[in-house]
């Protein structure tokens, strides 16, 4: 667990493509964005303990999109915390296990390191434990201290989150830093025209710190790097 800014914590591990989640503490109220790959949520629960907090202190869990890497611990966290679960309408039935996420090509198009994840999505394996979504989110909503951004392209209901006071952006899979800095894993981006528009929106925020779905957060020259990604996509 790393503190990126006051009340902004990054949680990550190697599984799921070096997946990351983000824990936000605003006025003592805790909000989590994404839940990592592991189905038992032990890394998130351990982070709460290290902060001296109880599972019941987690009030909200927001999901960027319906891919297993980001949903692994959701059902376990819902049981342990009772937190309200949020997602976009286009992703809610995937989160709830009523529909599988759309498959992508299994041809190598970016990095051989991504092939296991392409194959997993193509086969719909391993599946996440389903969990109903309590409330839907869309552009202009707020969840905890975060402003909600609907930034489709990677998936139809892909969400980003922006904490203006911290200049902290959660880009979800709109941007990745593993296996290298890129505008998301290109083969997973379902609509490139939408993704291009979404990248421009993210760049316009001029974030000081950018949390990404796969890889370490961008903490140095973040605004410039996101602008470069947007311009080159």
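Nothing in this text is a laboratory measurement; each read-out follows from the coordinates by a stated rule. If you're wondering where the values come from, they're calculated on a predicted model, not measured in any experiment. For neighbour counting, all protein chains shown are included, and Cβ atoms are generated from backbone atoms with ideal geometry for every residue, glycine included.
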Scanning the range 59-72 for residues that are touching a residue at least 40 places away in the same chain (Cβ under 8 Å) and outside any helix (DSSP H, G or I) gives 59, 60, 62, 63, 64, 65, 66, 67, 72
Go through the range 87-106 and give me each residue that's in a loop (DSSP other than H, G, I, E, B), in contact with a helix residue (DSSP H, G or I) (Cβ under 6 Å, 6 or more places away or on another chain) and touching a residue at least 40 places away in the same chain (Cβ under 8 Å).
101, 104, 105
Give the residue that is nearest to residue 85 (Cα to Cα), with candidates limited to residues of the range 29-58 that are free of Cβ contacts under 8 Å to residues at least 12 places away in the same chain and assigned to a loop (DSSP other than H, G, I, E, B).
54
For the range 121-143, give me each residue that is assigned to a loop (DSSP other than H, G, I, E, B) and surrounded by 20 or more Cβ atoms within 10 Å (Cβ to Cβ).
128, 131, 133
Residue 10 fails exactly one of the following numbered conditions: (1) under 18 Å from the mean Cα position of the chain (by Cα); (2) surrounded by fewer than 22 Cβ atoms within 10 Å (Cβ to Cβ); (3) farther than 18 Å from residue 160 by Cα. What is the number of that condition?
(3)
Any residue that is in contact with a strand residue (DSSP E or B) (Cβ under 7 Å, 6 or more places away or on another chain), part of a loop (DSSP other than H, G, I, E, B) and on the phi < 0 side of the Ramachandran plot - is there at least one of those in the range 107-117?
no
Quick one: which residue in 59, 49 is within 19 Å of residue 136 (Cα to Cα) and surrounded by fewer than 20 Cβ atoms within 10 Å (Cβ to Cβ)?
59
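Residues are listed down the side, and each one gets a yes or a no for (1) buried (at least 20 other Cβ atoms within 10 Å of the Cβ); (2) farther than 19 Å from residue 20 by Cβ:
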| position | (1), (2) |
| --- | --- |
| 174 | yes, no |
| 179 | no, no |
| 192 | no, yes |
| 209 | yes, no |
| 216 | no, no |
| 225 | no, no |
Exactly one of (1) in contact (Cβ under 8 Å) with a residue 12 or more places away in the chain; (2) over 14 Å from the mean Cα position of the chain (by Cα) is unmet by residue 141. Its number?
(1)
